[in-house]
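Single-structure report; data block below.
The values are calculated or read from the model by the stated rules, or taken from the named source; none is laboratory data. Nothing here was measured: the structure is a model prediction, and the numbers come from that model. FYI the Cβ positions are ideal-geometry reconstructions off the backbone, even for glycines, and counts take in every protein chain you see. In case anyone asks, the SASA skips ligands and DNA or RNA and just uses the protein heavy atoms, side chains included. Shrake-Rupley method; radii C 1.70, N 1.55, O 1.52, S 1.80 Å.
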Amino acid sequence: MKKKSGTQKTVYQLRSSHKKCLIKFILNQGFMKKQFSFYKILFLFLGLGFFLSASAQEMTVTGTVTDAETGEPLPGVTVVIKGTQQGTITQVDGTYSVQTPEDAVLAFSFIGFNTSEVPVAGQSQINVALESAVLGLDEVMVIGYGVQRKTDKTGAVSQVTAEELNRGALTDPIQAMQGKSSGVMITKKGGDPNAGFAVTIRGASGFDSNTQPLYVIDGIPGADPTVVASEDIATFDVLKDAASTAIYGSRGSNGVIIITTKRGKAGKGTVNFNASYSVDEVSNTLDLLSANQVRNYVDENNISGFTDNGANTDWQDELFQTGYTQNYNLNFSGGNETSNYYASVTHANWDGVVQGTSKERTNLKLNFTHKAINDRLILSGSLGSAFEQNDYENYESYNKDDVIFQALQRNPTDPVYAEDGSFFQINRGFNYENPFAVINKIDNTRDAKRFMANLKAQFEIVDGLIGTANMGYIRNDHESFYFRPNDVYNGAEKGSANREYNNDTQKMIEGYFNYDKTFNEDHNLSLLAGYSWHEYVYDGFNAGGADPSSDYIKYNNLGSMLDINRTHVGSYKGMWRLIGFFGRAQYNFQNKYYLSGSIRRDGSTKFGENNEWGVFPTVSAGWTISREDFMSSVDWLSNLKLRASYGVSGNQEIGEYNAQMFYEPAGLSVDPATGENVITYTASKVANPDLQWEETTEVNLGLDFGFLGSKISGSLELYKKNTTDLLGRYSVPVPPNPAPEIWANSGEVENKGIELNVQYYAITLPNFKWKTSIAASHNQQELVDLGEYAPATGVRKEGWIEGRGLIGQSNWVTGIVEGESIGSFYLPEFVGLSGDGNMVYRTEAGGATEEISEAKRSIVGSAVPDLELGWSNSLTFYDNWTMDFSFRSLIGNDVYNATQMLFDYPGDFPARNVVAEALVWEKMGRKSGPAVSDLYVEDASFIRLDYLSLGYTLHTNTVDWMENIKFSLTGNNLFILTGYSGLDPETSVDGLSFGVDQYNVYPKTRSFSFGVSATF
């Protein structure tokens, strides 16, 4: 019996061997003295009986835990009484000792070994030999038209499970994957809830074709990820190399992301409810001058004619508000050995930090599976839908209705409201408007409906041979509404109204056979052969008018517009079709040597009659070195596998009818024969019967590894991919061509790089567990050839910037140049100011010029990062508390700070607002207006704490109808470390022009969320 110190009361720890000591202790404490009442004595003996009976049921169990394969003792094994948090860990020699009830069950667990559960059953000594298990490698991952174990992969495929995803205030399911998979760059410019994310896998590889990956949701290619709620997602499987993506043929060159949603399981039905509320705030604002600084400047410089309207308005503070997000998810799942189901409903509401911006979305999901004919027939289906309402504000330019630009340039001495309560207006020059008049008077909304469904039938014809028929259907309907009354702007300008309807429908039918057979226990063969048909039809129309007769009717009766003509009405319709034949063969010997090959032949209506068909072959191999006999003595190495692959995939993601001669209406004309008005047509695109597939050829070398029973595991990838016959739109002379534009194949891009994924179970104690993972990637890109349509200058001009004071044809910042990467900044070199205050640039001859059109341009930076990092961590305390956090970093990327360029011009001040650097420029004597140069290229490397969440799970053991309830506090974008001087260093990496931080960026937000999840 041991006495604890540090308290006034005497507290004792009871042991089953201390019965006599317990009685002696009670007598020594005088509890039997006469002054104690009969009731106290009775209570004492009742308590004594309780403790003695409890003690009689407990015992001490000792033993040794060893490796079943080697017989060596295992230190650090967790020994826990099942159903409790009580336990211990084994010592260096593998021994343990634990106090446990006689009827308990002991659970022995250790990283890299299978968990063993042993009933105590009165045994005082229990020795356990744990069987080794390679962590995660027996898990199944989804590949094209099938699944495979992780141990069997020969290509570059990664998986992110639901437990590993980011949580918190998410506007898109793809956001949950940020930083989780190496080589997958997920970026977003700003924090607009109505804007999506750009996803690039192993570098962009195109000119005017779409470079986003193909999304496959529950077997349906081409689906929109937002049709699925993030709570319904089970796994993301990312196919990165051509050998893995080529099974999707002409749609796989930019990578494939396969989204598998949750399904029911046999057993007791489960109900889950998840709710969260998030508060969003602007993470950073532009350092503009205040009203007092404006007044001081006017007074100090004796400026006459300036109108001070007496206000002290912080226009950013007025425009930006506290946003919020509400998210509710309810899902049901269950089933038996024959049938199962999963159903959910999710409702989310985002109120953006820019006034007037919001989004509301409701997702419905139903998955079901049924087995019949002695389980040879499996019928499965999936239904998904999303109903979304968006409220927009324009901010992507410097027009009158672009509210962010208007707020930034607005003079802080101007009030928001006039004395009569109307929106204050004043003329301080061209395009000078009150943004709150725009927000409150202009309607700009959208109503979107998305629907996705598939039905799959699988029948096992003979053992190992399964035939599959899969049908899919996607429909998207978008209806947009716009109304601007006559009195929005500071000046006479007619208002307008417009309604627009857009619809697209996709139909898919696929049939394929899978054959899996093992011969003589050593030879494993898997075959696939199939056919795919896909059709995409889209149509829409719009109607509008100007000069509304009533602000109340808005767009609900366009006939009430006083100004309607033929240009206010339009409609369209189009279609493309894709069919494919595909096959794949996979073989492995003793799960040690692997060989795989596939081929797909696709036909697409998008290409010229001479090149409608394309063939996409692959071959890959693997060698599990750790299974070799000569590696048997290396017991610290649990897995080592070498992989190599080669493949060709295609890209058809351009518009329709680009290979054909295209005519479009040019306007009204008079028929000289009849004198009547007729519509004239003009050729807009030249026919190109040789237009063909954009092809990506890729070589990949991979190494999978695992140490200490895969306590440490991961993969290393080296790749090189070349994309040829780049699809692009080019200008051609007229004549000899009948039209000024042609779509053609021209150019080549090379991407090569290295990727590393490492997962480490760092600590596995009974009451504390820590799992950490790192995803790192480096991609080096080079434009090998611009092709036959290369500009005469050898530079394709991209990254055009528009704004106040920018005139002429020199306002571009990105140059597509052979030998450099896409996203390179190609700019004049700023050398100083001339005597009359004009900017001076370096010339080709080494001299200087004030004319930017005569300046020498060169590569001065790149928006492509040298290194992308993601670091994710998951910690568990006492099985109840959890903490998850993720850091993300881009290193070595540059950003062009166009906001600084446009707002540091002193000539705009004091009529319009500027940044503080404008006053510095004025003291230096600057007179010239905004102009592009290397002066505004900055290093934009950053480290961001993307996600931090603290959770507590309450196990409701006393409530038979509830399993648990979990509470969580989550923060997103909590802080960022960067040397970049602008608002945020992260921009969308997509297309040919990126890495430009312009004034028209929706501000990045910092979010704090409280969530509750309950399982019934």
Please work out how much length the chain gains when fully extended from residue 637 to residue 124, using 0.36 nm per residue of separation minus the C-alpha to C-alpha distance, in nm with one decimal.
181.2 nm
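Of all the accessible heavy-atom surface of the range 313-381, with the other protein chains kept in place and a 1.4 Å probe, what percent is carbon and sulfur? If you can, show how the numbers build up before the last one.
Numbers: 1490 of 2930 Å².
About 51 percent, which is the carbon plus sulfur part of the accessible surface.
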Label model pair residue 440, residue 800: point-to-point distance (7 angstrom along the Cα→beta-carbon line) in nm is 3.6 nm
Solvent-accessible area of residue 793, probe 1.4 Å, all protein chains present, reported in Å² to the nearest ten, please.
100 Å²
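With every protein chain kept in place and ligands, DNA and RNA left out, what is the accessible area per residue of the range 174-291? Probe 1.4 Å, answer in Å². Please report the intermediate quantities before stating the final value.
Working: 2890 Å² over 118 residues.
Computed with neighbouring chains in place, this is 25 Å² per residue.
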Heavy atoms of the protein only, probe of 1.4 Å, neighbouring chains included. What is the accessible area of residue 534 in Å², nearest 10?
10 Å²
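Could you tell me the relative contact order of the chain? Use alpha-carbon pairs under 8 Å, at least six residues apart, and round to a whole percent.
Numbers: 2781 pairs, mean separation 115.0, N = 1016.
Answer for the chain is 11 percent.
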Solvent accessible area, Å² - residue 493, 1.4 Å probe, full protein context:
70 Å²
Working from the alpha-carbon coordinates of the range 137-244, get Rg over Rh, Rh being the Kirkwood radius.
0.95
The range 314-386-the range 247-277 distance, computed between alpha-carbon centres (Å):
11 Å
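Just the number please: accessible area per residue for the range 318-376, 1.4 Å probe, all protein chains included, in Å².
43 Å²
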Would you list 954, 525 from the most to the least accessible area, probe 1.4 Å?
954, 525
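Protein chains only, probe 1.4 Å: how do 365, 720, 262 rank by accessible area, largest first?
On the way: 365 10, 720 100, 262 70 Å².
From most accessible down to least: 720, 262, 365.
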Paramagnetic label zone (point 7 Å from Cα along Cα-to-C-beta, residue 958; backbone N under 18 Å) in the range 75-104
84-85
So how much slack lies between residue 678 and residue 70, counting 0.36 nm per residue of separation and subtracting their Cα-Cα distance, in nm?
209.8 nm
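Can you sort 519, 236, 630 by solvent-accessible area, 1.4 Å probe, largest first?
Values: 519 85, 236 0, 630 125 Å².
Largest to smallest exposure gives the sequence 630, 519, 236.
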Please work out whether the range 178-295 counts as rounded, prolate or oblate from its C-alpha gyration tensor, where a ≥ b ≥ c are the square roots of the eigenvalues and a/c under 1.5 means rounded, while otherwise a/b larger than b/c means prolate and anything else oblate?
oblate
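Pairs of Cα atoms under 8 Å, at least six residues apart: use those to get the relative contact order of the range 296-386, whole percent.
The normalised contact order for the range 296-386 reaches 21 percent.
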Spacing of the two label points (7 Å from each Cα toward its C-beta) at residue 690 and residue 967, in nm
7.1 nm
What angle do you read, to the nearest 10 degrees and between 0 and 90, between the alpha-carbon axis of helix 291-300 and the longest principal axis of the chain?
40 degrees
What does DSSP give for the chain in terms of the percent of beta bridges that are antiparallel, rounded to the nearest 5?
95 percent
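Hey, can you find the accessible area per residue of the range 920-1012 for me, probe 1.4 Å, expressed in square angstrom? Could the numbers behind the result be given before it?
Details: 4070 Å² over 93 residues.
For the range 920-1012, the per-residue accessible area is 44 Å².
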For the range 281-410, just the Cα atoms, rotate onto the principal axes and tell me the three extents in Å, largest first.
94, 24, 18
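What share of Cα pairs, in percent, lie more than 20 angstrom apart in the range 70-199?
Numbers: 5377 of 8385 pairs.
Cα-Cα pairs in the range 70-199 separated by more than 20 Å: 64 percent.
Per residue and in cubic angstrom, what volume does the convex hull of the Cα atoms of the range 662-766 have?
Convex hull of Cα atoms, per residue: 192 Å³.
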Computed FRET efficiency, Cβ-Cβ of residue 374 and residue 585, R0 22 Å: what is it to the nearest 0.05?
0.15
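At a Förster radius of 56 Å, what calculated FRET efficiency corresponds to the Cβ-Cβ distance of residue 629 and residue 881, to the nearest 0.05? Could the numbers behind the result be given before it?
On the way: r = 46 Å, r/R0 = 0.82.
For R0 = 56 Å, the calculated efficiency reads 0.75.
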Taking 22 Å as R0, compute the FRET efficiency from the Cβ-Cβ separation of residue 397 and residue 430 and round it to 0.05.
0.95
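Which percent of the accessible area of the range 749-891 is formed by carbon and sulfur heavy atoms (probe 1.4 angstrom)? Could you put the intermediate results ahead of the total?
Details: 3420 of 6360 Å².
So the carbon and sulfur contribution to the accessible surface is 54 percent.
Take the solvent-accessible surface of the protein heavy atoms, probe 1.4 Å, and return the percent of it on the range 557-650 that carbon and sulfur atoms account for.
57 percent
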Rounded to whole angstroms and listed largest first, the alpha-carbon spread of the range 360-411 along its three principal axes comes to 77, 16, 13
What would the Debye formula give as log10 I(q)/I(0) at q = 0.12, 0.17, 0.20 Å⁻¹ for the alpha-carbon point model of the range 336-474, no solvent?
-0.67, -0.96, -1.13
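If you take all C-alpha pairs in the range 546-703, what percent of them are over 25 Å apart?
Details: 7945 of 12403 pairs.
That tail contains 64 percent of the Cα-Cα pairs.
Which of the GluC sites (Glu not before Pro) found in the range 652-758 are loop residues per DSSP with 16 or fewer other Cβ atoms within 10 Å of their Cβ? List each step's numbers first, then the result.
On the way: sites: 653, 656, 676, 694, 695, 698, 717, 741, 748, 750, 755; in loops: 653, 656, 676.
Here the GluC sites (Glu not before Pro) that fit, given the DSSP loop and packing criteria, are 656, 676.
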Expressed as a rounded percentage, what relative contact order does the range 379-497 have, with Cα pairs under 8 Å and six or more residues apart?
28 percent
Cα centroid distance between the range 627-695 and the range 489-514, in Å?
21 Å
Given only helices, namely DSSP H runs of n ≥ 4 each adding -39500 (n - 2.57), what is the per-residue ellipticity at 222 nm of the chain, to the nearest 500 deg cm²/dmol?
-2000 deg cm²/dmol
Report P(r) for the range 399-554: all Cα-Cα distances, bin width 10 Å, range 0 to the bin holding the largest distance, values in whole percent.
9, 22, 18, 13, 11, 10, 10, 6, 1, 0
With label points built 7 Å along Cα→Cβ from the Cα atoms of residue 322 and residue 571, find their separation and express it in nm.
5.0 nm
